[in-house]
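The values are calculated or read from the model by the stated rules, or taken from the named source; none is laboratory data. In this text, all values refer to a predicted model and were calculated from it rather than measured experimentally. Glycine also receives a Cβ, built like all others from the backbone with ideal geometry; neighbour counts cover every protein chain displayed. Remember, those area values only see protein heavy atoms, side chains included, never the ligands or the DNA or RNA. Shrake-Rupley method; radii C 1.70, N 1.55, O 1.52, S 1.80 Å.
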Amino acid sequence: DRKDKDSKEDDRLDTLERKQLHDAAAYIRGLAQLRGRNAEWAERAVREAVSLSADEAAAQRVVDLIAPDVPALLRAVDGRAVVAAGASRTLRTAQASVVELEPDWRYRLLAVLTEPSVALILMMIGIYGLIFEFSTPGMVLPGVAGAICLLLALFALQMLPINYAGLALIALGIGCMVAEAFLPSFGALGLGGIVAFALGAVMLIDTDIPGFGVPLWMIGTLSLAAAALSFGVSAAAVRARRQPAVIADTRVVGNAGRVIDDGWAEVQGERWRVRSAAPLQTGQAVRVTGRQGLVLDVEPVDSLAADASPTRPPPPSPTSPTSPQGDRP
């Protein structure tokens, strides 16, 4: 029956999985035989994923003994002979002192980074830092800080059990909140982004371990902060759009420029779309006579100079009385 059961189990696995299963079973059987443990149960633990309680494990020789704490364990194993590095050694642990090794600053720092709430905050700072850098190039600091925080967040998330659906919802929510600042959605994109971000933050850490998820107060705080930032940027953009133009027409009208392309001219170092009643050529000097929105009315400077020049008198006639030929007989 056991062989039939193993053959049926092997039929459900491919060649690589069968090889890995047999190798793990042989390895655990060898260890159990070396330590005098129950080799049959050890192989079943690999093949069938069975488990035992502490008392059952002691009864079936899966473990040697049960101890309630470390001092009791040291007293229980005192005098036992073990084989280490090919030599038999006798344990003298009854009077041994227990030395606790605390993690150093590096492991404590990594433990802080891999805390779910810290990982979520780092990811938010990193994404918003890159958004600010891309929207206003040259600030440098938001881009550098955002890249560092985003890499730390990716490291932390790699060490945590991630629900990729939650991560995708967070990315969608941030994208919607960013798009709210550029698209006239009247708050629909921002509200949808906040809801998607909150749901994704709840689903981000995929584990049932108590206290290992992101607390709800942290999700609510980040959602409110993201909503305030999103709607604040949108409100600032609306206020800036409603303000009157800072540059008046009088600062442009009357200035000289030069045609740089068909329908375009450069006036005071700025590129403007222009229109003229007279034909314009590339490189021709023009003067601004008016402005309609973002279009300037211009006219060629050469024609203005020609109109303003005085009229020259006609040359004297050969038959004029003042000419020298008039005195001849």
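Some observations on this one:
Listed here are the residues, each with its yes/no results for (1) in contact with a Ser or Thr (Cβ under 9 Å, 6 or more places away or on another chain); (2) of a type outside the set (Ser, Thr, Tyr); (3) modelled with pLDDT of 85 or more.
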site	(1), (2), (3)
16	no, yes, no
25	no, yes, yes
42	no, yes, yes
80	yes, yes, no
88	no, no, no
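- Some residue of the range 112-120 being open to solvent by less than 40 Å² (accessible area, probe 1.4 Å), among the small types (Gly, Ala, Ser) and touching a residue at least 40 places away in the same chain (Cβ under 8 Å): yes
- Looking only at residues of the range 47-61 that are open to solvent by 50 Å² or more (accessible area, probe 1.4 Å) and within 46 Å of the chain's Cα centre (by Cα), we find that the one that is farthest from residue 24 (Cα to Cα) is 53.
- For residue 148, the stated conditions do not hold, so it cannot be described as of a type outside the set (Phe, Trp, Tyr), open to solvent by less than 70 Å² (accessible area, probe 1.4 Å) and part of a helix (DSSP H, G or I).
- The residue that is farthest from residue 167 (Cα to Cα), among those in the range 195-231 that are over 21 Å from the mean Cα position of the chain (by Cα) and at pLDDT 80 or above, is 217.
- Counted residues, the range 89-111 - those being open to solvent by less than 90 Å² (accessible area, probe 1.4 Å) and in a strand (DSSP E or B): 1
- Looking across the range 29-46 at every residue that is hydrophobic (A, V, I, L, M, F, W, C) and loosely packed, with under 14 Cβ neighbours inside 10 Å, the one that is nearest to residue 17 (Cα to Cα) is identified as 31.
- In the range 155-201, residue surrounded by the most Cβ atoms within 10 Å (Cβ to Cβ) [restricted to those that are among the β-branched types (Val, Ile, Thr) and in a helix (DSSP H, G or I)]: 170
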